[in-house]
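Colleague: Supplied in structure tokens, the structure appears directly below.
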Amino acid sequence: TTGTALSAEELEAGRRAYQLDRRHVFHSWSAQELITPMVITRAEGSWVWDGEGNKLLDFSSQLVNTNIGHQHPKVVAAIQEQAGLLCTVAPQHVNAARSEAARLIAELTPGDLNRIFFTNGGAEAVEHAVRMARLHTGRYKVLSAYRSYHGGTALAVNITGDPRRVANDYGNAGTVHFHAPFLYRSQFHAENEAQECQRALEHLETTIQLEGADRFAAIVLESIPGTAGIMVPPPGYLQGVRELATKYGIVFIADEVMAGFGRSGKWFAIDHAEVVPDLLTFAKGVNSGYVPLGGVAISEEIFATFAKRVYPGGLTYSGHPLACAAAVATINAMREEQMVEHAASLGTDVFGPGLAELAAKHESVGEVRGVGAFWAVELVKNRATREPLAPYGSSSPEMNELIAACKSRGLLPFANFNRIHVVPPLNISVQDARTGLAILDEALTLADAHAED
Ligand code: PLP
């Protein structure tokens, strides 16, 4: 059905879905009556069809999860096959799909992260990783970055750095926040990446010492912070964090929920730094979100803590066969079709140069940054003062206008505060990637009208 227009029945089904949604569905992170959610009737590869039958290029990968695009035939077939065989099995039993998914993930994750605990998504993965770290160390406090997102459940939102934590702040969960490197808005008055890196590491060590060097169970860090703005860390930073974690006996949890499974042009973003964390959380790209799945990859040392001692945690759907069958098929398809390599070359050949061109051309673009299929366009009112086009923590009429301009031209963008993220499926064609950049180029002309030289 590629490219065909929606039928009258599909359009009618979309209208009915919208009415029922507005009457009965309660949406995430929203003022329920102030939103106009978009109907998605059909999707294929990098494209989606909205309720009016418009075809849009999905530069968002939904919530940065459909890394292999929509409706990949190999993954759809694997889910159907598993559904015919065995739809569900309790976590205490052994299941072939789960065993194979665990084997593949252990093979891909760095170092000796060989043991896999499965969850239903990213937030649960973070919850369990922190719980494991606390039990392993016998300590309680947790370090995490201000500009971060780790999930919407109680602990995950509490260690999150963005304004959603503040809205959910009901007490101290032992979290201490620090500034991770972000040269464009440097907290350290740094003038280059090397300075930013060194000062960020000194700041982290000082924070550890002042807050109690023997009190921290874990440092939770996105290997490349995603939702907060795709800040690729400067060379040496993740190695420095690894050294500090080891020095103070702190468990290093790399949160790879968004950056993992090929998004950055390597299987895991931490692979760019060749660092091995103690725990690694994943979700999203592990099976492109076709069936909810997440998990924690666990080092042999932390595994040993629970070899003869009960791990007091679990989930009815841990290692769900449909989700694991989708993961096995996704990973195999990514390997067979060399999607991680494709994402890397998209970064160096298409998005890197293409976005740099937009930054040079458009006054509203303060900075572009990223790697692989993982890019942010940071929009400003003034390039000298770097005043954002929308205040931190909210949208603005200017950003809403830009998003609408993208959509009306056939591009579904991922927007966050004053940023547009370019995060399409990893297997988007070079031609479609260029089409998306051309639409963004046109739409940015509108944003330029709000920027001053
Ligand atoms: N961690 C990171 C780095 C994320 O980007 C996200 C979601 O965007 C989460 C955790 C939470 O994942 P989920 O929404 O699947 O619970």
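Colleague: All other residues with a Cβ under 15 Å from the Cβ of A200 taken together, and with Lys, Arg as +1 and Asp, Glu as -1, what is their net charge? All intermediate terms of the calculation are to be shown ahead of the outcome.
Modeller: Values: positive: R147, R185, R199, R242; negative: E191, E193, E196, E202, E205, E222, E243.
Overall, the nearby charge balance is -3.
Colleague: Whole percent per 10 Å bin, from 0 to the bin with the longest distance: what is P(r) over all C-alpha pairs of the stretch 253-357?
Modeller: 14, 36, 34, 12, 4, 0
Colleague: Next question, about the same structure. Neighbour counts of other C-beta atoms within 10 Å: give me S60, S223 arranged from fewest to most. The partial results should precede the final answer.
Modeller: Numbers: S60 22, S223 26.
Least to most surrounded, the residues fall as S60, S223.
Colleague: So what's the net charge close to D112: Lys and Arg +1, Asp and Glu -1, counting the other residues with Cβ under 11 Å from its Cβ? Don't skip to the end; give the middle numbers.
Modeller: Working: positive: R115; negative: D278, E300, E301.
Counting the neighbours of D112, the net charge comes to -2.
Colleague: For the stretch 392-447, what's the relative contact order in percent, using C-alpha pairs closer than 8 Å and at least 6 residues apart?
Modeller: 43
Colleague: Right, another one. For R335 paired with E81, estimate the spin-label separation in nm (one decimal), with each label point 7 Å from Cα along the Cα-to-Cβ line.
Modeller: Rounded to a tenth, the inter-label distance reads 1.5 nm.
Colleague: Taking the number of other C-beta atoms within 10 Å as the exposure measure, put M258, M339 in order starting with the fewest.
Modeller: Sorted ascending by nearby Cβ count, the order is M339, M258.
Colleague: Okay, moving on. Please list 3J(HN,Hα) in residue order for the stretch 72-85, calculated via the Karplus relation 6.51 cos²θ - 1.76 cosθ + 1.60 where θ = phi - 60°; whole Hz, with x for glycine and proline.
Modeller: For the stretch 72-85, the Karplus curve yields 4, x, 5, 7, 4, 5, 5, 5, 4, 5, 5, 4, x, 8 Hz.
Colleague: Next question. For T160, which sequence-distant residues (separation of 5 or more, or a different chain) have an amide H within less than 5 Å of its own amide H, given hydrogens modelled in the peptide plane?
Modeller: H150
Colleague: Sort the stretch 73-336 into rounded, prolate or oblate with this rule: let a ≥ b ≥ c be the square roots of the eigenvalues of the Cα gyration tensor; rounded if a/c is under 1.5, and if a/c is not under 1.5, prolate when a/b is larger than b/c, oblate otherwise. Could you put the intermediate results ahead of the total?
Modeller: Working: a/c = 1.93, a/b = 1.56, b/c = 1.23.
Prolate is the answer for the stretch 73-336, as a/c is 1.5 or above and a/b outweighs b/c.
Colleague: Let me ask another. Got a sec to turn the phi values of the stretch 356-368 into Karplus ³J(HN,Hα) couplings, 6.51 cos²θ - 1.76 cosθ + 1.60 with θ = phi - 60°, whole Hz, x for Gly and Pro?
Modeller: Those phi angles translate into 4, 5, 5, 5, 5, 8, 9, 4, 7, 8, x, 7, 10 Hz.
Colleague: Follow-up. Given a cut-off of under 8 Å on Cα pairs at least six residues apart, what relative contact order in percent is computed for the chain? Don't jump to the answer; show the numbers that get you there.
Modeller: Values: 905 pairs, mean separation 90.6, N = 453.
Once divided by the residue count of the chain, the mean separation gives 20 percent.
Colleague: So what's the stretch 237-288 giving for Rg/Rh, alpha carbon basis, Kirkwood Rh from the mean inverse pair distance? It would help to have the intermediate numbers written out before the result.
Modeller: Numbers: Rg = 11.5 Å, Rh = 11.3 Å.
Taking Rh as the inverse mean 1/r over Cα pairs, Rg/Rh reads 1.01.
Colleague: Counting only residues 5 or more places away or on other chains, whose amide H sits under 5 Å from the amide H of V380 once H atoms are built in the peptide plane?
Modeller: V365, G366, L389
Colleague: I would also like to ask the following. What full-extension length gain, to one decimal in nm, is calculated for A96 and S429 as 0.36 nm per residue of separation minus the Cα-Cα distance? Don't jump to the answer; show the numbers that get you there.
Modeller: Values: separation 333, 0.36 × 333 = 119.88 nm, distance 3.37 nm.
That pair, A96 and S429, stretches by 116.5 nm at full extension.
Colleague: Rounded, prolate or oblate: pick one for the stretch 171-234, where a ≥ b ≥ c are the square roots of the eigenvalues of its C-alpha gyration tensor, a/c under 1.5 means rounded, and failing that, prolate if a/b is larger than b/c, else oblate. If you can, show how the numbers build up before the last one.
Modeller: Details: a/c = 2.33, a/b = 1.47, b/c = 1.59.
Verdict is oblate for the stretch 171-234.
Colleague: Shifting gears a bit: Highest first, please rank the peptides 350-358, 87-95, 11-19 by the mean number of other Cβ atoms sitting within 10 Å of their residues. If you can, show how the numbers build up before the last one.
Modeller: Working: 350-358: 17.8, 87-95: 11.7, 11-19: 14.0.
The peptides rank, most packed first, as 350-358, 11-19, 87-95.
Colleague: Return the long-range amide H neighbours of G226 (sequence gap of 5 or more, or a different chain), with a cut-off of under 5 Å between placed amide H atoms.
Modeller: So G226 has HN proximity to Y149.
Colleague: Can you give me the relative contact order of the stretch 73-336 as a percent, contacts being Cα pairs under 8 Å and 6 or more apart? Provide the component values of the computation, followed by the final result.
Modeller: Working: 518 pairs, mean separation 80.8, N = 264.
Computed over the stretch 73-336, the figure is 31 percent.
Colleague: Follow-up. Going by the alpha-carbon gyration tensor, a ≥ b ≥ c the square roots of its eigenvalues, is the chain rounded (a/c under 1.5) or, if a/c is not under 1.5, prolate (a/b greater than b/c) versus oblate? Intermediate values should be presented prior to the final figure.
Modeller: Numbers: a/c = 1.64, a/b = 1.12, b/c = 1.47.
Oblate is the answer for the chain, as a/c is 1.5 or above yet b/c matches or exceeds a/b.
Colleague: Would you list V25, V275, V257 from fewest to most Cβ contacts within 10 Å?
Modeller: Numbers: V25 11, V275 21, V257 30.
Ordered by Cβ neighbours within 10 Å, fewest first: V25, V275, V257.
Only the coordinates and a few stated rules stand behind these numbers; no lab work does. Small disclaimer: the values here were computed from a predicted structure and weren't measured. Positions of Cβ are generated from backbone atoms using ideal geometry, with glycine treated the same way; all protein chains shown enter the neighbour counts.
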